[in-house]
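A.B. asks: Below: one structure in structure tokens.
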Amino acid sequence: MLNRLDSAAILPPFFFFNGILYEPNRSSSASKPPPTLGRVSFLPVPDRGRVARGIPRRHPGNHSLSSALTTASQNRPRSTVAMSSNADTAQAKSRSGRLPRKRFYRARAHSNPLSDSHFPIPISPADFDYCHHYPYFFAPGSGGRSDGDAPPRKVRFADIGCGFGGLLVGLSPLFPDTLMLGMELRDKVTEYVKERILALRASNPGHYENISVVRTNSMKYLPNYFEKGQLSKMFFLFPDPHFKEKNHRRRVISLQLLDEYAYALEVGGIIYTITDVEDLGDWMRSCLEDHPLFGAVPEEELELDPVVKLLSSATEEGQKVARNGGQTFRAVYRRIKLEEE
Amino acid sequence: MEETTEIVSDGGDEAAPAAVTMDVENGLIEEEKNMDGEVAPALISIHPFEKSVVVAVGSELRLFNLEGNCSVSLIDDPSGPSHSDAIRSINFGPSGKFLASAGDDKLVKIWETSSWHCIRTVSADKRVSAVAISHSGQYVAFADKFGVVWLVGLDEDDAKQTKVDKKAVPILGHYCSIITRLEFSPDERFIASANRDFKIRITVFPKQPLKGAHEIQSFCLGHKDFVSCFAFACPPGCAHGFLFSGSGDSTVRLWDFISGLLLATCEVGAKVGLLQYNGTEDGYPPVTDLCVSSDGSIIAIAIQSLHGIVLLSCGFSDRTLSVAKVVTLEDNYFPTSMVLSFSKQRLWMVMGASNLPTLSTTQLPTRIRVMSGFHKDPSDYNGHDPITLEDNEIPGGKKLLSELQGSSDVTMEEAALAAAVKSSMRNMLIKKEYALERREMRKRNRNDRKRR
């Protein structure tokens with residue numbers, strides 16, 4: 001979810017290699033460069049979009065968002081140096097279990113989902129590297145997939161536009177055996193969530209192993225991450241409202257995108273949406289209402305669902321709305337089978 | 001045809017003063033125009049029973065009636081506009097009752113193939129990149145540059161009464177990715193769409209499709225670059241059939257499209273040994289077109305910068321896909337589009353392009369070649385090549401060529417044409433990467449900024 005109310009001030013960016021931050025002391029097997037082109041990894045390998053097109057990378061380890069900010073930083077060279085060393089220490093702290101601080105991860109409030117951004121995307125769901133994301137469940141030695149007869153464990157919950165990861169952190173103890181994946185377009189925010197999860201794992205051994213985050217454009221690449229019917233829950237909490245009519249096609253809920261969400265959800269799976277913008281609330285509800293593959297979940301069922309309470313309370317954006325005494329608009333729908341008339 | 005050329009020149013005159021007003025950024029704009037004003041490759045399509053053959057180059061549709069051995073003039077819709085910009089897609093559909101043409105002028109025209117009247121002109125919101133006709137001939141689907149697929153109903157009975165309120169309806173969308181091809185599956189249960197984000201989406205084509213096609217059957221994921229072409233094949237004894245796809249990653253892949261499972265991959269570019277320098281790095285050239293006979297026995301591939309075609313052989317049972325034969329033509333012949341006539345087992349190829357910066361003539365030259373003598377068993381090509389027909393052996397002979405090529409002798413232009421055509425497909429389909437300053441310049445000239 002895009003942090004609409006957050007200040008859009010641009011602080012000097014901090015550049016670092018994702019791999020070093022995320023995988024500080026991994027065994028050598030885990031830190032080997034991934035075998036397949038385009039495999040999801042936090043290592044600073046050249047991303048596949050560029051490889052495919054043969055375009056040399058300008059700033060190793062940076063994504064387009066941070067390179068867009070480079071110009072801003074050039075005006076303030078002194079502070080950049082000071083702040084990046086600051087960021088380094090922040091990284092070191094999170095490894096030892098201290099939570100990362102949001103002020104070091106300030107990013108733009110909005111990101112254009114229509115732009116052709118360049119970051120690694122798994123070629124297909126089979127290419128998604130579970131070992132890297134869920135090392136507790138996929139021990140690096142055991143070949144990555146779960147052992148023996150049981151079918152391999154897959155991600156079941158997806159938080160689309162996870163923002164600073166509040167919902168993932170809230171859900172993790174409720175469903176300790178369910179793998180959850182946050183998807184966020186802004187790379188700095190993703191970076192923050194990565195650090196947050198690592199810090200939580202370090203300070204609570206054995207917990208928060210079931211949540212992870214990827215930097216991706218879920219509106220474009222959702223089928224690259226999830227197979228048909230793989231998910232049981234999808235979350236769209238406080239998405240960017242895109243008020244202008246011209247920009248409505250950037251909204252994360254639309255009749256066309258719901259086709260893809262219906263594809264990724266199993267029959268009976270639930271899609272949760274919430275917003276504090278009435279216009280957007282109406283829009284999301286009417287899209288879901290009009291879509292033949294979704295049906296409303298009755299109110300009494302919602303009251304029993306422990307997840308529903310988290311929608312407005314767990315996320316940073318939700319807390320902000322509550323603090324300001326704002327109203328929220330919720331739409332929860334179930335994936336149903338198509339009835340042929 | 002005279003009408004359409006007039007419109008082209010009109011458009012050019014209008015565009016010229018607009019370009020002059022931009023003073024400072026002129027250089028950059030100019031550069032951009034040259035890159036964006038990509039050449040539009042010529043297209044060829046053939047009636048399913050080889051009754052007629054059509055070539056599209058620029059905004060022109062050139063037609064030849066093979067049955068009557070005569071040229072055909074199209075009778076345009078008097079109420080609607082004519083094609084005025086590059087045609088990007090033409091399609092006869094499996095029944096051959098209609099021909100659909102569409103392109104950069106945001107028009108979809110549907111022609112009735114017995115009288116060659118334009119029975120419908122549909123105005124799209126965006127440029128149209130692909131068009132397909134359903135097997136029953138009941139629906140025409142087209143895809144625009146936003147990645148939205150629209151559907152038009154063609155019910156003949158009530159066409160007259162409800163012509164007005166029958167607008168195209170959006171039925172599905174690839175999120176902001178240009179759709180490169182659109183095709184119905186042979187049993188019409190599915191509609192397949194490929195985009196330049198390496199995806200092929202197989203969508204269930206519902207019984208009441210005008211309400212939208214929301215159920216996705218599968219995604220065929222495996223290509224690492226844009227998908228330029230795909231075709232269905234249904235070998236005897238197979239329930240659903242298979243899907244072949246060609247891509248900018250220089251591979252052809254075989255799919256079980258019901259499950260989205262990748263069955264086989266053939267790295268055509270590497271196999272043929274076509275390493276080339278593509279601007280920044282060595283790489284294999286993209287597969288630009290692909291023709292498959294309905295039983296899958298003939299698989300012909302066009303690769304950019306190969307002066308000829310590649311024939312593949314596919315073992316459907318053991319899931320293999322390999323290069324059977326490379327058939328080369330004369331040095332300067334690079335087919336931009338090909339089509340296989342199933343009934344006569346001939347492969348029709350065309351080379352040509354519009355928007356050529358180097359050519360000053362108003363004539364848009366194209367060159368047609370026809371190949372025949374394909375073997376039933378593709379592994380048996382040794383010492384038995386398909387034959388490239390001489391100009392006078394082509395059905396319709398010189399008459400056809402002069403009609404479809406624009407002139408009977410285009411050899412003069414061939415070198416220039418070949419040079420332009422060589423990189424056309426890649427330039428058209430790659431995602432463009434702009435330098436930072438260029439991006440800033442583009443932002444400055446954005447429409448919403450200008451209005452302020």
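A.B. asks: Using the beta-carbon distance between A:ILE336 and B:ILE119 and R0 = 41 Å, what value does 1/(1 + (r/R0)^6) give for FRET efficiency, to the nearest 0.05?
C.D. replies: That pair, A:ILE336 with B:ILE119, gives E of 0.55.
A.B. asks: Quick one: Karplus J couplings for segment B:75-88, per residue in order, coefficients 6.51, -1.76, 1.60, θ = phi - 60°, nearest Hz, x for Gly and Pro?
C.D. replies: Result, rounded to whole Hz: 10, 6, 4, x, 8, x, x, 9, 4, 10, 9, 3, 7, 10.
A.B. asks: What whole-number distance in Å separates the alpha-carbon centres of segment A:150-203 and segment A:253-274?
C.D. replies: Cα centroid to Cα centroid, the span is 19 Å.
A.B. asks: What is the gain in length, in nm to one decimal, between B:LEU436 and B:GLU393 on full extension, counting 0.36 nm per residue of separation less the C-alpha to C-alpha distance?
C.D. replies: 10.1 nm
A.B. asks: Tally Lys and Arg at +1 and Asp and Glu at -1 over the other residues with C-beta under 15 Å from the C-beta of B:ILE202: what net charge comes out?
C.D. replies: Combined, the nearby Lys, Arg, Asp and Glu give -2.
A.B. asks: Where Lys and Arg each count +1 and Asp and Glu each count -1, what net charge lies around B:CYS234 among other residues with Cβ under 10 Å from its Cβ?
C.D. replies: Once all neighbours under 10 Å are counted, the net charge is -2.
A.B. asks: Taking amide H positions as placed 1.01 Å from N in the peptide plane, with prolines and chain starts having none, which residues 5 or more places from B:LEU261, or on another chain, fall under 5 Å of its amide H?
C.D. replies: B:ASP256
A.B. asks: Restrict the search to segment B:119-152; then list the trypsin sites (Lys or Arg not before Pro) that DSSP places in a loop and that have at most 15 other Cβ atoms within 10 Å of their Cβ.
C.D. replies: Qualifying residues, ordered by number: B:LYS126.
A.B. asks: Hey, can you rank A:220-227, B:205-212 by average C-beta count inside 10 Å, highest first?
C.D. replies: Ranked from most to least packed, the peptides come out as A:220-227, B:205-212.
A.B. asks: Each label point is 7 Å from the Cα along the Cα-to-Cβ direction; what then is the distance between the points at A:ALA296 and A:HIS207, in nm?
C.D. replies: Inter-label distance under the simple model: 3.8 nm.
A.B. asks: Something else now. Distance between Cα centroids, segment B:42-110 to segment B:123-137: provide it in whole Å.
C.D. replies: 13
A.B. asks: Fully extended, how many nm does the chain gain between B:THR328 and B:LYS207 (0.36 nm per residue separation, minus their Cα-Cα distance)?
C.D. replies: 39.1 nm is the gain from fully extending B:THR328 to B:LYS207.
A.B. asks: What is the mean number of Cβ atoms from other protein chains located within 10 Å of the Cβ atom of each residue in peptide A:114-127, rounded to a whole number?
C.D. replies: The mean count of partner-chain Cβ atoms within 10 Å per residue comes to 3.
A.B. asks: Once you list every other residue whose beta carbon is under 13 Å from the beta carbon of A:ASP159, what net charge do they have if Lys and Arg are +1 and Asp and Glu are -1?
C.D. replies: Taking every Cβ under 13 Å from that of A:ASP159, the sum is -1.
A.B. asks: Sticking with this one: Considering every residue in B:211-219, what mean count of other chain Cβ atoms within 10 Å of its Cβ is obtained?
C.D. replies: Rounded to a whole number, the mean comes out at 6.
The numbers here are math on the coordinates, done by the rules we state, and not lab data. Quantities reported herein were computed from a predicted structural model and do not represent experimental measurements. Because the Cβ atoms are built from the backbone with ideal geometry, glycine has one as well, and the counts that use them run over all protein chains shown.
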